[in-house]
1. Cβ-Cβ distance below 9 Å, separation of 6 or more or different chains: which pairs start in the range 83-97 with a residue that is on the phi > 0 side of the Ramachandran plot and touching a residue at least 12 places away in the same chain (Cβ under 8 Å) and end on one that is in a helix (DSSP H, G or I) and of a type in the set (G, A, S)?
2. Do we find that T50 is free of Cβ contacts under 8 Å to residues at least 24 places away in the same chain and in contact with a Phe, Trp or Tyr (Cβ under 9 Å, 6 or more places away or on another chain) in this structure?
3. Among the residues that make up the range 186-206, is at least one of them more than 19 Å from P109 (Cβ to Cβ), out of contact with any helix residue (DSSP H, G or I) (no Cβ under 9 Å at 6 or more places or on another chain), not in a helix (DSSP H, G or I) and not polar (S, T, N, Q)?
4. Looking at (1) of a type outside the set (G, A, S); (2) farther than 30 Å from E167 by Cα; (3) outside the structural domain of M17 (by TED's automatic domain parsing), which is the one condition that is false for Y53?
5. Which residues, taken from the range 123-146, are loosely packed, with under 15 Cβ neighbours inside 10 Å, under 17 Å from E157 (Cα atoms) and touching a residue at least 12 places away in the same chain (Cβ under 8 Å)?
6. Among the listed residues P88, P8, which satisfies the condition of being closer than 30 Å to E191 by Cα, out of contact with any Gly (no Cβ under 7 Å at 6 or more places or on another chain) and modelled with pLDDT under 95?
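The values are calculated or read from the model by the stated rules, or taken from the named source; none is laboratory data. Just so you know, these numbers come straight off a predicted model, no measurement behind them. In this analysis, Cβ positions are derived from the backbone assuming ideal geometry, glycine residues included, and neighbour counts consider all displayed protein chains.
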Amino acid sequence: MLSIVPTPLGNLQDMTMRALDTLKSVDFVLCEDTRRTQILLTHFGISKPTIRYNENDDFSVRRCLDLLRSGKNCALVSDCGTPCISDPGWKLVRDAAKENLPITSLPGPSAAACALAGAGFTGGAFTFLGFLPRKPGKAAKLLSAAYALKHPVIVYESPYRVIKMLELIAKTLGEETPAVAAREISKVYEEWLRGNVCQIAAELKKRSKVQGEFVLVIGLPDTQQEEDDEPDFPY
């Protein structure tokens, strides 16, 4: 059995009881970084063999797949959040599914879902783009196509590039584009910046140093948001 196990974004209290029970019961823990995962396991008093899973190494994928073929129970974790969502894991899940090996996915922490819930833009559809390409032209093309669907768009960004990304969004979608920048979700210095993309970029430019991982939720103008707030439920 392959169990996809989300881990806390930062606050260890976000670890679910089911996730802990799964980690205690498996034969191996497949992880993005064995050192970080070991810290998590030690904190909760769990002693299990860890194996580094490298998405870009075919040998690593095959090794983990062989464990599943042999009947071993394995938990797949990333450094934080849910594996396979802008984190390693999808290739192993894909290959295991092709061979009809048993797979289960546990609910748990997700930076994208957490940021969307706190943004206040919609309770319905959205488009998740993860980390955009480094080349501005490709990034702008993806942003334009996603925004044309008239749903909020979610992207991840590092502290080193977040201002440039906000400026790219302003140039591509308009300076008045509403947005929420969620920084360090669930951690000690969690922060939510709200306004249009230019206002948020200006606030970050005032700081001597920008720190922490960001989730940017790009909203629609108020008039479009109101039009899209009424989903057609079948009941």
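1. S86/A111; S86/A112
2. Numbers: free of Cβ contacts under 8 Å to residues at least 24 places away in the same chain: yes; in contact with a Phe, Trp or Tyr (Cβ under 9 Å, 6 or more places away or on another chain): yes.
In short, yes.
3. Among the residues of the range 186-206, at least one is more than 19 Å from P109 (Cβ to Cβ), out of contact with any helix residue (DSSP H, G or I) (no Cβ under 9 Å at 6 or more places or on another chain), not in a helix (DSSP H, G or I) and not polar (S, T, N, Q), which makes the answer yes.
4. Failed condition: (3).
5. Listed by number, the residues that qualify are G130, F131.
6. Working: P8 fails: modelled with pLDDT under 95.
The conditions single out P88.
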